[in-house]
1. Looking only at region 115-138, which residues are in contact (Cβ under 8 Å) with a residue 24 or more places away in the chain, away from the ligand (no atom under 16 Å from the Cβ) and either farther than 20 Å from Gly223 by Cβ or in a loop (DSSP other than H, G, I, E, B) (or both)?
2. Residues of region 154-172 being outside any loop (DSSP other than H, G, I, E, B) and touching a His at 6+ places or on another chain (Cβ under 8 Å), which ones?
3. So which residues in region 199-226 are at positive phi, more than 12 Å from the ligand (Cβ to nearest atom) and surrounded by fewer than 24 Cβ atoms within 10 Å (Cβ to Cβ)?
4. Out of everything in region 104-114 that is more than 12 Å from the ligand (Cβ to nearest atom) and in a loop (DSSP other than H, G, I, E, B), what residue ends up being least open to solvent (accessible area, probe 1.4 Å)?
5. Among the listed residues Pro323, Pro393, identify the single one that is open to solvent by 50 Å² or more (accessible area, probe 1.4 Å), in contact with a helix residue (DSSP H, G or I) (Cβ under 9 Å, 6 or more places away or on another chain) and either part of a helix (DSSP H, G or I) or on the phi < 0 side of the Ramachandran plot (or both).
6. For region 375-389, state whether one or more residues are under 14 Å from Val166 (Cα atoms) and either open to solvent by less than 10 Å² (accessible area, probe 1.4 Å) or not hydrophobic (A, V, I, L, M, F, W, C) (or both).
7. Could you please find all residues in region 73-98 being away from the ligand (no atom under 16 Å from the Cβ) and within 17 Å of Ala255 (Cα to Cα)?
8. When you go through (1) over 24 Å from Ala273 (Cβ atoms); (2) open to solvent by 10 Å² or more (accessible area, probe 1.4 Å); (3) aliphatic (A, V, I, L, M) one by one for Val101, which number turns out not to apply?
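The values are calculated or read from the model by the stated rules, or taken from the named source; none is laboratory data. Quantities reported herein were computed from a predicted structural model and do not represent experimental measurements. Cβ: placed from backbone, ideal geometry, glycine included. Neighbour counts: every protein chain shown. Remember, those area values only see protein heavy atoms, side chains included, never the ligands or the DNA or RNA. Shrake-Rupley method; radii C 1.70, N 1.55, O 1.52, S 1.80 Å.
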Amino acid sequence: MSTDPTPPDAWAYETAAVQTAIPRGLGETIGFPIHAAAAFQFDTLEEAQQEFQVNDGLSYARLQNPTVRALETRISALEGGAATVAVSTGQAATLTSILSVCRAGDHVVSASSLFGGTTGMLNNILPLMGITATLVPGTPEAIAGAMQDNTRLVWAEMISNPAGDVPDIAALAGIAHSHGALLAIDNTCGGVGYLCRPLEHGADIVSQSLTKWAGGHGTVLGGSVTVGTRHDLGGNPIYTDGGEQSVLKVRGDHALAWRQRWLGAHQIGMTLAPHSAFLIAHGLETLGLRLRRESETALALAQWLRAHEKVGRVSYPGLPDHPSHANAMRQLPRGQGAVMAFEVPDPAAFLSRVRVLRIAPNLGDVRTLVVHPWTTTHGRVPEAARYAAGVTPTTIRMSVGVEDLEDLKADIEQAL
Ligand SMILES: *Cc1c(COP(=O)(O)O)cnc(C)c1O
């Protein structure tokens, strides 16, 4: 089965989001058909043998499924990448990204303003495999100071939450590359290339949770890893061991993408389900529209909250007084995201009164969601690290949805 031939480079985001990767054949649906399949059949033994040698077609659905593949093609187009592997969650994407360039004895340098699950992965899970990590503030100076001889990967989040930190991708890429390491950006809050395309700024790996803005409706879990072809793996023994038979020699420009699919889907089995891929592909079709509006509403709310007498510090990278404002305006020209943090005198009382705002630990939903990070999302993070991530006992994190601005203001006003 083929997919529509597409010229993604010539299309705007909103066009590519609805036009790319629609599978043809099988009844010619306009949207994505769901291939509910565990395995695919061959006409002859020779065909099966051929497929098992190259593993780039359809055999067993842990490796590839047409619905999932179509989603991957669409994500590559929207991120401006060469290849994508879709996996079951954002956590699975993080693990796939890190293991694709690190093995026992290797080291990761990460910006410390991170999603809690990533902090846990770096501090608790990777050490089980002999991989260590150093977490430092995401400034180029601090990242450069933490690099070691065995550092293979630098990691940062595009718009961390709730602090709203925005890394200087080009600067971090320069540091990583000068040490023979790669730069991975968690682009969950960059909205699958709508607000930011990290590969265009010099990143090598784009890892993200599709659960958030891609799905967009709080109905599905997913993750993805997208790469280009310009990265240099020549100094990484994972890719060069084995001489003529090394991964780099055999796979060439596609070595990194090949290994990510092999690890995440084929071997570890964190495969995305076709029903989930279908829901995420639908979410992507309106992601640009949603995130444009959500960013506009978020900026208006941040300005309003900052002037509110009952509200303390407001943290949103679209505000001129945010430490990441310059980085944000340069790398996020379409909008500075839908997430902000603000301080209220009594978080428990505030959250007990909200009606339009919903208390839930998700991001990127069409509905506006709020949480008290100190006691929920960041509850297990050591106290010093919570403060470092911009979380205090009175912080409220808000992911702005598509509701009307005045309705949101009225709800916050009465809850304060
Ligand atoms: C939610 C999130 C993840 C993890 O994604 P899941 O789909 O929940 O596994 C990773 N990074 C960031 C920035 C997130 O917000």
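1. Listed by number, the residues that qualify are Gly130, Ile131, Thr132, Thr134, Val136, Pro137.
2. Going through region 154-172, the residues outside any loop (DSSP other than H, G, I, E, B) turn out to be 154-157, 169-172.
Scanning region 154-172 gives Ile169, Ala170.
3. The one that is at positive phi, more than 12 Å from the ligand (Cβ to nearest atom) and surrounded by fewer than 24 Cβ atoms within 10 Å (Cβ to Cβ): Gly202.
4. Among them, the one singled out is Asp106.
5. Pro393
6. Yes, that holds for at least one residue.
7. Kept after step one, since they are away from the ligand (no atom under 16 Å from the Cβ), are these residues of region 73-98: 73-74, 76-78, 80-83.
Residues satisfying the conditions are Ser76, Gly81, Ala82, Ala83.
8. Only one criterion is unmet by Val101, namely (2).
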